[in-house]
Amino acid sequence: MGRRKFMGALAAAGTGAMAGGLSVSPSAHGDTVHFPPSSYLGGAGPFRSECDIRDCDVIGEIPTNIDGAFYRVGPDWQYPPMTGNIPFDGEGHVSMFRISNGHVDFKSRYARTQRYKAQSAARKRLFGMYRNPFTDDASVKNISRGTANTHIVYYNGKMLALKEDSPPVVLDPLTLETVDDYYTFHGELASLTHTAHPKFDHATGEMISFGYEAKGLASDDVLVFSADAQGHITWQTWIKVPYVGMLHDFAVTEKYVAFLCVPMATNVERMKQGQVHFAWDSMLPTWFGVLERGGDGKDLRWFKGPERCATHVMGAFSEGHTLYVDMDMALKNQFPFFPNLHGEPFDPKAASGYLTRLSVDLSKKDIREYSMERLYPQTGVLPRQDDRYQTKPYHVGFMPTTDATKPLNPKLGNLPFRPTNSYTRFDHATRSTSQFYIGDASSLQEACFVPRSENAAEGDGYLVGVAHRLLEGGRTDLVIVDTQHMEDGPVATVRLPFRSYSQVHGWWVPASQLPKM
């Protein structure tokens, strides 16, 4: 019996009739909420604060042609996680930087998922390990496990907060209040899951999307579909994957839909032992699957490749019958918290991602493998493009990268990793790059592109992204960089007075598309 419960038992037993008539207050029922310091919480614990700041502190001058909202989402623990759980399982926390006329207002809110509301009512953690229902409290058997913590996109006048194991959660784009905790496209979504990375065809107004493990835990079923600008599903087809594993992102062009199946395999036996959903199986190949967009899926072809890890698409396009997909690709498992099934140690060098072009000529009926070409020497993760060019031929992309030629600040001590210290602009037409370097004591997260004007040329505008100041306890800034003058540093920096949670992905919405107050 712990000291707290022991003292409570003494009080309940009537030990208040001590000398002088003093009494001892009984303990509160339930467990006290406490977040022990740990590496997966970043040492300082979760953010957990929902807040509003009107007129943030701005260094420099924000161009007046930046008018809109930058949204970001990431995992932020609501209650202390189960021992051994991973960062990806925190509750979805959404924030917004509303930028207009040189002013910036900040707002943050948790997504009120079914999971969040159940735990809030119980005042404790009810869900166990990452995507592992075998570790959950029995009371939440019929409650969605979705955390809405991975990506946020703007669609049909709604902000969709996304996690790939569940349907979207709808937020109000102005208030960030949760509108729908289980959005199913007017009841038309046939999948139990929905990707965190839908694509948008700006010519047709469609959102193209998919769900994997779509018929339940460890099912090899994938639903691929399109929804129109009013939120109705207009096309869908079912396909099968070579093995069940992580299909985090996918590629869509005007003609094709493509998936890369990597060896981050679903492992139910390990889940039943109390472990996380995935384990990296180095004995498995990768498979590159391609089907025609809008078809019945019967033309699906899978092309084989070696063990590789690639989870995010920068851009994709097709020329004739040849499909090209650009991804950040590594030789091995890129996630140190997902175990290697065969006991290999995590290899940081083999986990380094290089922008790599996958291609396949679909007119050749006898080929069985896809081609790979490493495009640039920079290493990084989380590539993005000018989102106006999703599904279309593109030439410009961006990625947070690590410039290892720059010295590491000695005040940081012996870090287990080098911070992501740069944003790099890639021009595929000329195979040239330009770089914004933030310094030796900051770490950059994914950036989003803001066009200079509605009709600006591809890639002409600004990057907006969050930086953590490592010598200031991880305090958070928003940096704004001109993509035509990357080397000049930020045109403006928006300073927050605290360390915010770590973002996974973000989205930019121009003011012209936002609802009116």
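Bear in mind that the values in this text are calculations on the coordinates, not laboratory data. Everything numeric in this text was worked out from a predicted model, so none of it was measured. Cβ sites come from the backbone with ideal geometry, for glycine too, and all protein chains shown count toward neighbours.
Over the chain, the pair-distance histogram of Cα-Cα distances with 20 Å bins from zero comes to 21, 56, 18, 4, 0 percent, rounded to whole numbers.
Cα centroid separation, segment 261-281 to segment 356-374: 29 Å.
Of the GluC sites (Glu not before Pro) found in segment 447-517, those that fall in a DSSP loop while having at most 15 other beta-carbon atoms within 10 Å are E454.
In terms of surrounding Cβ atoms within a 10 Å radius of their Cβ, F317, F210 rank from fewest to most as F317, F210.
Counted residue by residue at 0.36 nm each, then reduced by the alpha carbon distance between them, the extension gain from I367 to A456 reaches 28.0 nm. Between T83 and A190, the distance separating the two model label sites (each 7 Å from Cα on the Cα→Cβ line) works out to 4.6 nm.
If I take every Cα pair under 8 Å that is 6 or more residues apart in segment 59-513, average their sequence separation and divide by the length, what percent do I get for the relative contact order? Relative contact order for segment 59-513 comes out at 12 percent. Computed on segment 235-377, with alpha-carbon pairs under 8 angstrom and 6+ residues apart, the relative contact order is 20 percent. For D281, what charge total do you get from the other residues with a beta carbon under 12 Å from its beta carbon, if Lys and Arg give +1 and Asp and Glu give -1? Result for the local shell: 0. Each principal axis of segment 437-494 carries a Cα extent, and these read 40, 18, 16 Å when sorted largest first. Remark: the chain carries a charge dipole of roughly 1580 debye about the Cα centre, counting +1 on each Lys and Arg Cβ and -1 on each Asp and Glu Cβ. Extents of segment 186-240, largest first, come to 35, 20, 17 Å (Cα atoms, principal axes, whole angstrom).
Of the trypsin sites (Lys or Arg not before Pro) found in segment 385-444, those in coil by DSSP whose Cβ has at most 11 other Cβ atoms within 10 Å are R431. For segment 53-128, what is Rg from Cα atoms divided by 2.2 N^0.38 Å, rounded to two decimals? Rg over 2.2 N^0.38 Å, computed on Cα atoms: 1.46. Give me P(r) over segment 222-282, computed from all C-alpha to C-alpha distances, binned every 10 Å, as integer percentages. Going out from 0 Å in 10 Å bins, segment 222-282 shows 19, 38, 27, 15, 2 percent.
Identify all lysines with a Cα-Cα distance to K117 below 16 Å; exclude those on the same chain that are fewer than 8 residues away in sequence. Cross-link targets: K141.
Once the Cα atoms of helix 3-12 and of the chain are each reduced to a long axis, what angle between those two axes, in degrees from 0 to 90 to the nearest 10, is obtained? The angle comes out near 40 degrees. Charge dipole of segment 132-208 (Cα centre as origin; +1 on each Lys and Arg Cβ, -1 on each Asp and Glu Cβ, all else neutral): 120 debye, rounded to the nearest 20.
Pairs from the table (K107/K516; K240/K349; K215/K304) lying more than 27 angstrom apart at Cα are K240/K349. With each label modelled as a point 7 angstrom along the Cα→C-beta vector, the R123-E177 pair spans 2.5 nm. Each helix, a run of at least 4 DSSP H residues, gives -39500 (n - 2.57); summed and divided by the residues of the chain, these come to -1000 deg cm²/dmol at 222 nm.
Segment 473-517 gives an Rg/Rh value of 1.05, both radii derived from C-alpha positions and Rh following Kirkwood.
Annotation: aspartates and glutamates with alpha-carbon distance below 16 angstrom to K255 (same-chain offsets under eight excluded): D201, E206, E292, D296, D299, E319, D361. So, in Å, what gap is there between the alpha-carbon centers of segment 161-203 and segment 383-416? The two parts, judged by their Cα centres, are 27 Å apart. Between K240 and R301, the distance separating the two model label sites (each 7 Å from Cα on the Cα→Cβ line) works out to 2.0 nm.
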